[in-house]
């Protein structure tokens with residue numbers, strides 16, 4: 001059984017609570033960058049925004065946008081697997 005390597009990040013919320021996430025994927029779509037993050041219970045889609053030399057994760061609150069991004073990601077993964 002092969003063990004997949006994952007990157008992990010810690011994110012501090014607006015209340016100062018820190019949570020650790022595995023970075024499942026990073027991808028671009030419609031000239032935006034996104035990160036797919038996972039903790040013990042949930043998967044989150046976050047927009048990656050650049051500000052100078054720093055990058056910030058911004059939550060996507062619109063359910064339609066979130067579903068559209070996840071659907072496109074799943075299609076891309078399926079296509080990649082079909083090509084292998």
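Brief remarks on what is shown
- Scanning region 38-76 for residues that are without any contact (Cβ under 8 Å) to a residue 12 or more places away in the chain and part of a helix (DSSP H, G or I) yields 63, 64, 65, 67, 68, 71, 74, 75.
- In the condition set (1) surrounded by 13 or more Cβ atoms within 10 Å (Cβ to Cβ); (2) farther than 17 Å from residue 62 by Cα, residue 48 is compliant with all but (2).
- Number of positions in region 6-28 that are surrounded by fewer than 13 Cβ atoms within 10 Å (Cβ to Cβ) and within 15 Å of residue 72 (Cα to Cα): 1
- Those residues of region 18-53 which are modelled with pLDDT of 90 or more and out of contact with any strand residue (DSSP E or B) (no Cβ under 9 Å at 6 or more places or on another chain), in sequence order: 31, 51, 52, 53
- Selection within region 1-33 - in a strand (DSSP E or B) and either touching a helix residue (DSSP H, G or I) at 6+ places or on another chain (Cβ under 6 Å) or within 21 Å of residue 68 (Cα to Cα) (or both): 23, 24, 25, 26, 27, 28, 29, 32, 33
- Here 36, 70 are screened, and the one residue that is surrounded by 10 or more Cβ atoms within 10 Å (Cβ to Cβ) and in contact with a helix residue (DSSP H, G or I) (Cβ under 9 Å, 6 or more places away or on another chain) is 36.
The values are calculated or read from the model by the stated rules, or taken from the named source; none is laboratory data. This structure is a prediction, so every number in the text was calculated from the model and none was measured. Methodologically, a virtual Cβ is constructed for each residue, glycine included, from the backbone with ideal geometry; neighbour enumeration extends over all protein chains shown.
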